Structure formats: structure tokens, C-alpha cells
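> Next up is a structure, given as C-alpha cells.
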Amino acid sequence: MKGETEAGYSDGEEKCGRYALDFSCFCGYWYITCSLRNDYMSVQHMVELRLQLKSPVVPMMSGCFNSCCRRVFALASGGRRRRLSRFTVKFTAALMLLVPSVPASGTLPSLPPVEEGKGPSFFLFRSMADSVMASARQGNARAQFLTGVCYYTGEGVGKDLKEAFQWFSRAAQQGDPESQFYLGVMHECGEGVEQDAKKAFEWYLLAAGQEYAPAQHNVGNFYYKGVGTEKDLKKAVKWLTLAAMRGIPQSQNLLGLCCTEGLGMEQDFKEASRWYTLSAQQGLADAQNNLGILYERGLGVPQDFKEAFKWFSAAARQGYFAAQNNLGTLYDRGLGVRQDWKKAFELYSLAAAQGYGMAQSNLGKMYETGRGVRQDSKKAFDLYLSAAQQGEADGQNNVGVMYERGMGIPQNLKEAFKWFSAAARQENAWAQNNLGAMYYYGRGVPQDPKEAFQWFSLSAAQGNSSAQKNLGLLYEYGQGAEKDLKEAFQWFSLAAVQGENDARYRLGLLYENGKGVDKDVKEACKWYALAAEQGYAAAQDNLGTMYEGGQGVEKDLKEAFKWYLASARQGNSNAQYHLARMYLKGAGVEQDYREAVKWYGKAAEQNVPAAQFGLGLLYLTGNGTEQDEAKGRKWIAKAAEQGLEEARDMLKLLDDLFPKQNGED
């Protein structure tokens with residue numbers, strides 16, 4: 001009681017606390033006696049009766065009792081139940097009334113002095129313990145087991161794990177399944193005996209053979225992990241199923257995981273959802289989270305973000321970090337709930353504070369992008385690094401991105417390569433794609449298109465749209481692999497349907513030019529339009545060309561002008577040239593030489609020879625600008641240097657008509 005007194009309890013509270021602890025000891029004993037005899041219904045009576053009393057007791061006692069009850073319900077799930085006599089209920093009620101009530105004022109009553117550890121329930125408990133031990137010495141297996149529990153927990157006697165082990169051993173040799181189970185626990189944990197997973201498994205197996213559900217779960221778990229025995233997923237499923245059918249929530253959850261992953265059985269998401277549901281309804285946070293994932297992804301159940309939200313919330317309320325992260329993701333994306341970046345930030349923070357790497361990565365992304373919090377690249381990097389150092393693949397990939405771009409940390413391509421490699425070895429699709437890009441461009445590593453091809457292939461096989469597009473490019477240009485336009489078409493198609501705009505654009509080019517696929521200008525227009533509507537500049541320019549020429553769509557100069565303008569404003573040089581030409585001709589827009597000069601100039605600065613030639617002509621004629629022969633010659637000459645025949649012919653004509661004077665440039 002020293003800790004409580006130092007925390008601010010009065011002497012009266014301390015004494016009252018002793019009664020509470022004495023009573024909690026009795027509750028512990030009653031829990032042992034009832035639950036381990038499979039008399040779980042009596043425990044339920046205790047809880048119901050406690051609620052009916054409505055007499056506020058010392059908070060400490062209430063906490064101990066409620067904790068005890070939670071243990072009963074957690075361990076008793078699946079056990080055989082039978083009611084005890086009415087005497088049991090009345091006797092329990094009488095014992096509860098031994099605990100002093102707290103008046104409505106909340107002031108604790110003054111109590112007579114009590115000797116340390118000698119409250120009324122202590123003597124009752126000790127008397128019962130002595131009686132049990134006497135029976136144990138006479139060879140009663142159940143009494144031997146209960147004596148072992150007393151020594152194991154230190155209830156009524158001094159805690160002595162070696163003595164507990166001896167009593168459990170005596171009862172176990174008589175076939176008592178609970179004792180066999182406890183021996184398994186002690187061997188597994190090295191309590192009172194040398195740690196020995198093999199012996200733990202043997203004792204669990206004996207208890208499991210007597211249909212003791214907790215032991216069946218542990219046998220299944222040992223087979224699942226390959227602890228104390230050879231790993232055997234089929235046997236794991238067998239034992240987990242037996243325990244799950246008896247209501248053990250952990251078994252139901254693990255069996256659901258086997259169904260989800262196809263471990264020891266065929267993959268079956270519907271069956272997984274059934275087991276997760278049974279476990280989740282018993283309040284197991286891990287199962288609630290797993291069930292939420294199935295609803296989020298529509299696996300074995302109809303996709304339902306609201307249901308996912310419900311189950312993630314239930315698990316998150318228990319402080320389960322994975323559920324807090326997943327719930328944060330729903331708030332982050334506005335799935336099943338109104339989008340709320342601040343709430344997402346709070347949930348990610350809770351999970352990240354527990355050291356959950358995925359949440360640290362997600363929290364880092366919020367700091368990187370400034371969603372729900374002030375943008376801070378350094379903070380983002382620190383969070384990514386913390387996740388990466390735990391081996392979290394997304395965190396490793398994100399650290400690589402930060403090093404590659406020099407965000408929150410000085411640029412370091414070798415470090416970027418190191419972290420991309422670490423994540424790629426864990427089969428992180430984005431890291432594999434990023435590693436492929438480093439090999440392709442020779443960034444932080446010698447250029448190697450073949451190695452790039454390998455990493456792009458691994459990432460693309462996982463469905464990464466960027467890698468699929470990159471793989472298509474290597475096939476299109478024959479880099480790192482033999483040129484194969486049909487393969488390029490296949491990979492561009494896969495990426496395009498996932499919304500990869502560059503792939504949509506490339507697919508449009510193949511359809512327009514009949515490469516790797518039959519020529520189809522209508523299909524080309526379709527893919528250009530999809531990319532153009534998402535703001536992809538090159539596709540906007542090509543779509544403008546299709547409208548201008550009436551290819552695959554009805555000719556529409558105004559629509560062509562619209563797409564040229566959208567692309568030109570993004571700096572696309574070809575679109576700037578096309579736009580200048582539209583202004584020059586007054587096609588789809590009112591003729592405007594000044595605008596023509598403006599856009600020819602922007603394209604000419606980006607070395608578009610046709611734009612340089614057009615700009616030169618405008619300077620020579622003085623349309624839309626002051627006439628300037630020198631500037632006109634300069635831009636036409638630049639176009640000629642790039643091989644534009646029209647420009648070369650014009651220079652020759654100018655030299656013939658206006659020969660240069662001696663000394664004139």
C-alpha cells in the first residue's frame with residue numbers, strides 16, 4: 001500500500017484498501033475454484049450480483065474485482081458451463097458485503113485498526129486454502145491443482161514457482177488437464193523449471209487430448225509457429241479449429257488468418273470473415289481489426305467502409321495500434337466517414353507513439369504533405385527513418401525518396417539506393433520500381449538497363465502501375481530487353497486501366513500509329529482524352545491535334561484550341577507552337593499576331609525549329625511585333641541549324657535578295 005499512500009491516500013483509505021485487497025484475493029480464489037472446475041456460470045452470477053448491489057466500494061477493490069472478472073471471461077470462453085446452487089450466489093453476495101461501502105458524500109468511513117494482511121476475508125481465504133492443501137496431500141488431483149495455483153499466484157501462501165510446479169506435476173500425472181496445461185505454460189516460459197518448448201508442447205498436447213480448449217489453442221499455435229515441434233500448418237488448423245469451436249477467441253482469430261492467407265488450407269475469405277466475426281464479437285482487438293480489413297477491401301464480404309470503420313473503431317478504443325492506424329487511414333481518405341485530416345493525424349500519432357512503423361510512415365506522409373499539420377520535411381524524415389529502422393518497408397522506401405530528392409536531409413543518392421534496396425528485398429513494389437529507376441538512369445549506381453528491367457518486372461508483377469509503364473517503355477525502345485511493341489502494348493494497357501496517365505498517353509500513341517496493335521484513331525482519342533482530362537500535357541497536345549485534323553473525332557477547331565491552350569500553359573513546347581499557329585491563322589480563335597509572337601517565342605526558346613522559323617518570319621514582316629531583320633535572320637538560322645529545310649531555303653533566299661554588306665554579320 002506504500003505506493004498508494006505516497007500518491008495521496010489517507011490512512012483510512014489505506015486500511016480500507018487492505019480490505020479491498022483481501023477481498024480481491026478471495027475473488028481470485030473463487031475465480032480459480034469456479035473457473036477451473038468449468039463452473040463459469042457462477043462467475044457470471046458474481047458479476048450480475050455485484051452490479052445489482054449498486055453499493056459503491058473502494059475504487060481500488062472495484063478495479064481488482066473487475067479485472068478478475070475480465071480474466072475469467074477471457075479464459076473461460078468456450079468452456080463447459082453449469083449453474084451452481086442458489087447457496088453459491090447467496091454466499092458470494094455475503095462475502096461482497098464484507099467490503100465497506102462509501103457514503104454518498106464520498107468520504108471514507110473511519111475503520112478500526114487492522115493488522116497488516118489480516119482482514120476478515122484473508123482468514124476466510126486462508127482457511128479455505130488450508131483445507132484445499134490438506135486434501136491435496138491426501139492425493140486429490142483437483143486439490144493438488146488448486147494448491148499449485150495458490151503457489152503459482154501467491155494467493156494465501158508465499159509465491160513459490162518450484163512448489164507450484166511440484167503440485168501441478170502430481171495432479172498432471174493423475175490426468176488433470178488444467179495441471180497439464182499449467183506445466184506447459186511453466187515449461188514454455190521457464191517458470192519454476194528450465195525453459196523447454198518441446199516439453200511445453202508435450203504437456204499442452206496431453207491436455208488438448210482431453211478437450212481442454214486453451215491447450216488445444218496452444219498446440220495449434222505451436223504447430224503454426226514451429227515451436228517445440230516441427231511446423232505443420234495442417235495440424236495447426238486442426239487444433240485451432242477444435243479450440244475455435246469451443247469459443248477461444250484467439251483461436252478463432254488465428255484460424256481466420258489461416259483462411260485469409262491460405263495457410264494449411266485453401267484460401268477462403270468468406271470463412272475467414274466468419275471466424276474473425278466470432279472472435280471480434282468477443283472483443284478481441286486483433287480480430288476486430290482483421291475483420292475491418294476484410295470489409296475495407298471487400299474480401300469475403302461486400303466492401304463496406306462503414307462496417308470497416310465500426311470494427312476499426314472497436315479495436316482502436318482498446319488501444320490496438322494497428323486499428324488506430326487503419327482508422328486513421330479511413331479518416332485520411334474519407335472512406336466510411338467524413339474526411340478529417342486532424343482526426344487522422346491524432347490516430348496516426350497514437351499508433352506511432354506505440355512504435356508502430358506503418359503509423360510512423362503515415363504520420364510522416366502527413367508532415368511531408370502538410371495534411372492536418374504544418375508541413376515539416378525534417379519531421380517527416382525522422383518519422384520515416386524511425387519506421388525504416390524497425391524494418392518497415394514503406395518507411396524504408398520513403399527514406400529513400402527523401403534522400404533521393406534532398407527533402408528534410410541533404411541529397412544522398414547512395415543512401416537512397418541503400419534504403420530502396422532494403423525495402424525492395426521485402427518485396428515493396430514502390431521500392432522495386434524506384435530501384436529500377438536508379439539503375440535505369442544511373443543515379444547512385446552504375447547505369448544498368450538490364451538490372452532496371454529486372455526490378456521493374458518484379459514491381460509490375462505486383463500491380464504497380466508506374467513499374468508497368470516503365471516496363472512498357474523498356475520493351476518499346478528495346479532497353480534491357482529485346483524490343484517488343486506487343487509486350488509494350490500489354491504493359492501500357494495494364495498501367496493505363498489503373499489510371500497511369502503516361503501509360504494512357506503511350507497507349508494512345510501506339511493506337512494512333514498502329515504499333516504493337518492495329519491502328520485505331522478512335523481508340524487513340526479515347527486514351528488521349530482520359531490522360532488529357534487529368535492534366536497530362538502531352539496528351540492534351542495530341543488530343544488538340546486530333547480535333548484539329550478530325551482524326552477519330554469530329555473536326556472541331558475550338559476544341560483543338562482549348563486543348564492546345566491547356567497544354568501550352570503547362571509549358572509543352574509542341575502545344576505552344578500549335579497554339580501560335582492557331583492565333584496566326586485565326587483558326588478556332590480570333591486572329592492575333594501578338595499572341596502568335598508570344599507563343600512562337602515560348603516554343604522557340606525550347607528549340608522547336610518550326611516555332612523558331614515562324615518567329616523569324618514575323619520579325620521579318622513586322623506582324624505582331626516591330627520589324628527586325630536581324631532578329632528574323634537569327635531565329636531562322638537557328639531553325640536551319642536544326643535541319644529545317646524551309647529555314648535553309650529562306651536563308652538562301654534572303655541572302656540572294658538582301659546580300660550582306662562587307663563586315664556585316
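The values are calculated or read from the model by the stated rules, or taken from the named source; none is laboratory data. Quantities reported herein were computed from a predicted structural model and do not represent experimental measurements. Here the Cβ positions follow ideal geometry from the backbone for every residue, glycine too, while neighbour counts run over all protein chains shown. In case anyone asks, the SASA skips ligands and DNA or RNA and just uses the protein heavy atoms, side chains included. Shrake-Rupley method; radii C 1.70, N 1.55, O 1.52, S 1.80 Å.
> Report in % the part of the accessible area of the range 386-442 that belongs to carbon and sulfur, leaving out ligands and nucleic acids; probe 1.4 Å.
C and S fraction of accessible area: 45 percent.
> Quick one: go through the range 619-634 and flag any residue whose amide nitrogen is under 20 Å from the point 7 Å out along the Cα-to-Cβ line of L653.
619-625, 627-634
> Contour minus end-to-end for S131 and Q375, with contour as 0.36 nm per residue of separation and end-to-end as the Cα-Cα distance?
On the way: separation 244, 0.36 × 244 = 87.84 nm, distance 6.84 nm.
Fully extending the segment from S131 to Q375 adds 81.0 nm.
> Which pairs in the list K555/K602; K310/K343; K198/K225 are over 19 Å apart, alpha-carbon to alpha-carbon?
Values: K555/K602 27 Å; K310/K343 16 Å; K198/K225 13 Å.
Check vs 19 Å cut-off fails for K555/K602.
> Let me ask another. With each label point set 7 Å from Cα along the Cα-Cβ vector, what nm distance links E646 and D160?
10.6
> Straight-line reach from K483: which lysines fall under 30 Å, measuring Cα to Cα and dropping same-chain residues less than 8 apart?
K483 reaches K450, K469, K515, K519, K522, K526.
> Additional query: Taking loop as defined by DSSP and a crowding limit of 16 other beta carbons within 10 Å, which trypsin sites (Lys or Arg not before Pro) in the range 189-261 fit?
K231
> What is the extension gain from A630 to N412, computed as 0.36 nm multiplied by their sequence separation minus the C-alpha to C-alpha distance, in nm to one decimal? Write out the running numbers ahead of the final one.
Numbers: separation 218, 0.36 × 218 = 78.48 nm, distance 4.72 nm.
Gain on extension, A630 to N412, equals 73.8 nm.
> While we're looking at this one, here's another question. What distance in nm separates the two pseudo spin-label positions at A353 and Q591, each 7 Å out from Cα along the beta-carbon direction?
Using points 7 Å along Cα→Cβ, the separation is 7.2 nm.
> Sorted by mean Cβ packing within 10 Å, highest first, what order do the peptides 500-508, 515-523 take?
Result, highest mean first: 500-508, 515-523.
> Starting with the highest mean, order 372-382, 613-623 by the number of other Cβ atoms within 10 Å, averaged over the residues of each peptide.
By packing density, highest mean first, the sequence is 613-623, 372-382.
> Let me ask you something else. What is the spin-label model distance, in nm, from Q281 to Q318 if the labels are put 7 Å beyond Cα along the C-beta direction?
Taking the simple label geometry, Q281 and Q318 are separated by 1.6 nm.
> A follow-up question, please. Would you kindly state how much longer the chain becomes between E482 and E230 on full extension, computed as 0.36 nm times their sequence separation minus their alpha carbon distance, in nm to one decimal?
86.1 nm
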